[in-house]
Amino acid sequence: MVLKEKEITVIQDLQTQEKSCIEKYSKYAQQAKDPELKKLFETLSSKEQEHYNSLQQVLDGNVPDVDCNSTEGANYNPTPTYDAATDSEDKKSDCFLATDCIGTEKLVSSEYNSDVFVFGNTKIRKLLADIQIEEQNHAEMLWKYKTANGMA
């Protein structure tokens with residue numbers, strides 16, 4: 001498989017987005033007050049690393065197989081730490097972190113949604129569509145965390 005220059009640039013740009021997400025989730029895991037949110041950020045950082053690695057495989061000439069049926073978001077059930085009546089500084093801080101990450105996931109998901117059309121290769125298109133679905137699931141997980149903790 002030989003990628004065109006534009007395709008290489010798109011994959012590298014997506015890797016930059018993924019690297020930024022990895023770093024953000026790692027930093028936010030250290031800042032989170034709630035152990036449940038800390039664990040979620042660590043999980044999401046790991047998932048973003050998987051995305052980065054999949055994109056590197058494409059640059060290396062291999063496209064990993066995917067199923068496009070991720071149910072992580074639907075199956076995520078966070079244990080609440082805060083209740084709706086609580087208005088502590090820890091809750092406000094954790095709410096900010098989760099909200100910021102939802103915005104990031106929306107932007108990254110949007111990039112994949114647009115960039116998929118650069119590629120003619122069906123396997124690459126399927127990979128990018130799969131990652132886009134996973135990014136949506138990350139936002140859903142963060143939303144469920146906020147909802148469970150009276151932040152939404």
Check: Where residues in the range 37-49 are out of contact with any helix residue (DSSP H, G or I) (no Cβ under 7 Å at 6 or more places or on another chain) and surrounded by 14 or more Cβ atoms within 10 Å (Cβ to Cβ), which of them is farthest from E135 (Cα to Cα)?
Finding: K39
Checklist line | Positions within the range 101-148 being open to solvent by 60 Å² or more (accessible area, probe 1.4 Å), more than 28 Å from A85 (Cα to Cα) and among the aromatic types (F, W, Y), in sequence order | finding: F117
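Conditions tested, residue by residue: (1) more than 14 Å from D130 (Cβ to Cβ); (2) open to solvent by less than 30 Å² (accessible area, probe 1.4 Å).
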{"residue": "E18", "(1), (2)": "no, yes"}
{"residue": "E23", "(1), (2)": "yes, no"}
{"residue": "D60", "(1), (2)": "yes, no"}
{"residue": "D67", "(1), (2)": "no, no"}
Check: Would a scan of the range 6-14 turn up a residue that is surrounded by fewer than 16 Cβ atoms within 10 Å (Cβ to Cβ), farther than 21 Å from E134 by Cα, modelled with pLDDT of 95 or more and among the charged types (D, E, K, R)?
Finding: yes
Next item on the list: Having 2 or more residues that are out of contact with any helix residue (DSSP H, G or I) (no Cβ under 6 Å at 6 or more places or on another chain), closer than 24 Å to K27 by Cβ and among the small types (G, A, S) is the bar; report the helices (runs of 4 or more DSSP H) wholly within the range 68-152 that clear it.
Entry: 89-115
Next item on the list: Pick out the one residue from D60, D115, D67, D94 that is on the phi < 0 side of the Ramachandran plot and at pLDDT below 95.
Entry: D67
Next item on the list: Keeping to the range 26-46, report how many residues are within 23 Å of S70 (Cβ to Cβ) and of a type outside the set (G, A, S).
Entry: 10
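The values are calculated or read from the model by the stated rules, or taken from the named source; none is laboratory data. Owing to the predicted nature of the structure, the values given are computational and were not obtained by experimental measurement. Positions of Cβ are backbone-derived with ideal geometry, glycine not excepted, and every protein chain shown enters the neighbour counts. These accessible areas exclude ligands, DNA and RNA; they are computed on the full protein's heavy atoms, side chains included. Shrake-Rupley method; radii C 1.70, N 1.55, O 1.52, S 1.80 Å.
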